[in-house]
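Notes follow once the structure below has been shown.
What follows is calculated from the coordinates using simple rules that are stated; it is not laboratory data. Just so it is clear, the structure is predicted and the values come from calculations on it, not from any experiment. As a convention, Cβ positions derive from the backbone with ideal geometry for all residues, glycine included, and neighbour counts pool all protein chains shown.
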Amino acid sequence: MSLKGRTALVTGSTSGIGLGIARALADQGARLVFNGLASAEQEAEVRQDLELRSGQPALFWRADLSKGAQVLPLLKELGPVDILVNNAGIQHTAPVEEFPPERWETVLAINLSAAFYAIHGLLPGMNERGWGRIINLASAHGLVASIHKAAYVAAKHGLVGLTKVVALEQAGKGVTCNAVCPGWVLTPLVQQQIDARAAREGISVAQAQSDLLLEKQPSGQFTSVEQLGQWAVFLCSSACDNVTGTSLPVDGGWTAR
Ligand code: NAD
């Protein structure tokens with residue numbers, strides 16, 4: 001399929017899953033707007049990669065998505081956006097009674113509220129053009145819970161709910177809204193959790209990785225960022241014109257248990 005002529009904004013696309021999705025959309029010819037907390041060097045590296053793939057200039061959206069409604073005026077500077085991937089996210093783990101309130105606020109701001117603001121700001125343009133794709137990176141934790149992840153699980157369940165409301169409001173208007181719910185994907189966000197587990201339990205990083213996978217993900221395998229990129233491309237294809245409001249698990253059987 002070709003996404004030539006479409007512009008895609010992928011939040012949090014300087015690393016991990018967002019970068020995998022941005023690359024896959026660029027490979028199909030979409031013009032990319034990328035975003036994240038990146039050094040100038042990282043920004044230049046990602047820009048060059050995306051431009052080579054898509055054959056078009058890529059734009060870096062320098063927005064800190066923890067800032068809530070402050071991003072709304074910045075969205076207006078981006079021009080038309082046809083594909084919005086709300087991917088930026090962070091994690092913090094602690095028992096709920098010890099959960100630092102400021103971390104709760106930040107996780108909710110980046111993992112949930114930022115998606116609302118981006119949809120709120122970009123939907124009118126999609127409606128004017130009669131076509132749009134909104135893909136929200138939720139998680140298996142948007143469908144089931146784990147201990148010590150109060151803010152993350154609340155935000156991801158919220159994102160699944162937001163996905164359904166937007167899908168219902170947009171039904172029949174050419175704009176679809178779906179959530180993708182990965183289990184474990186080996187990115188910096190998960191590597192931090194593996195390293196913390198190894199240190200906490202006094203085991204090797206390899207053992208911690210294997211334990212983390214097998215505890216939740218029956219396949220015993222990570223999903224790759226390239227596979228999630230292919231999901232995003234599929235959701236942008238005409239095969240998915242009538243797929244909306246879904247929360248698609250890509251989790252090696254995690255939520256089948
Ligand atoms: P990552 O840490 O590799 O990447 C996160 C991206 O978000 C980076 O580009 C970072 O710069 C950006 N970001 C962080 N804070 C930001 C802010 N304030 N403003 C703008 N950008 C910001 O993480 P990842 O594992 O690729 O996760 C991407 C998404 O996928 C997240 O929403 C995460 O919850 C979700 N997810 C990840 C996994 C997994 O196993 N890795 C599983 C399920 C869901």
Using only the alpha-carbon atoms, how far is helix 150-170 inclined from the longest principal axis of the chain? Give it as 0 to 90 degrees, nearest 10.
30
Can you work out the Karplus-derived ³J(HN,Hα) for every residue in the range 7-13? Use 6.51 cos²θ - 1.76 cosθ + 1.60 with θ = phi - 60°, whole Hz, and x for glycine or proline.
10, 10, 9, 10, 6, x, 10
Name the lysines eligible as straight-distance cross-link partners of Lys76: C-alpha to C-alpha under 29 Å, and not fewer than 8 places from it in the same chain.
Lys4, Lys67, Lys156, Lys164, Lys173
Does a label point 7 Å from the Cα of Arg129, set along Cα-to-beta-carbon, have any residues of the range 15-34 with amide nitrogen under 12 Å, and which are they?
30-33
Helical mean residue ellipticity (222 nm; -39500 (n - 2.57) per DSSP H run of 4+; nearest 500) of the chain:
-14000 deg cm²/dmol
Using all Cα-Cα distances in the chain, what percent lands in each 5 angstrom bin from 0 up to the longest?
1, 6, 13, 18, 20, 18, 12, 7, 3, 1, 0, 0
Can you check what the net charge comes to around Ser219, using other residues whose Cβ is under 13 Å from the Cβ of Ser219 (Lys, Arg +1; Asp, Glu -1)?
0
Answer in debye to the nearest 20: the dipole magnitude of the chain about its Cα centre, from +1 Lys/Arg and -1 Asp/Glu charges placed on Cβ, is 560
Compute the distance from the alpha-carbon center of the range 29-81 to that of the range 1-22, in whole Å.
10
As a footprinting exposure proxy, order Val85, Val233, Val33 by other Cβ within 10 Å, with the fewest listed first.
Val233, Val33, Val85
Take the Cβ-Cβ distance between Glu201 and Ser39 as r, set R0 to 22 Å, and report the resulting FRET efficiency rounded to the nearest 0.05.
0.10
Quick one: what are the phi-derived ³J(HN,Hα) couplings along the range 36-49, Karplus 6.51/-1.76/1.60 with θ = phi - 60°, whole Hz, x for glycine and proline?
x, 8, 10, 6, 4, 5, 5, 4, 5, 5, 5, 4, 4, 4
For the range 113-169, state which chymotrypsin sites (Phe, Trp or Tyr not before Pro) are in a DSSP loop and have at most 16 other beta carbons lying within 10 Å of their beta carbon.
Trp131
Candidates Ala232, Ala199, Ala26, ranked by Gaussian network fluctuation over the chain, Cα under 10 Å, top entry
Ala199
Extension gain (nm, one decimal) between Lys4 and Ala171, 0.36 nm per residue minus Cα-Cα:
57.7 nm
Under 14 Å Cα-Cα from Lys216, which aspartates and glutamates qualify once same-chain neighbours fewer than 8 residues away are excluded?
Asp251
The range 122-151 scanned against label point 7 Å out from Ser219 along Cα→C-beta; backbone N under 18 Å for 137-144
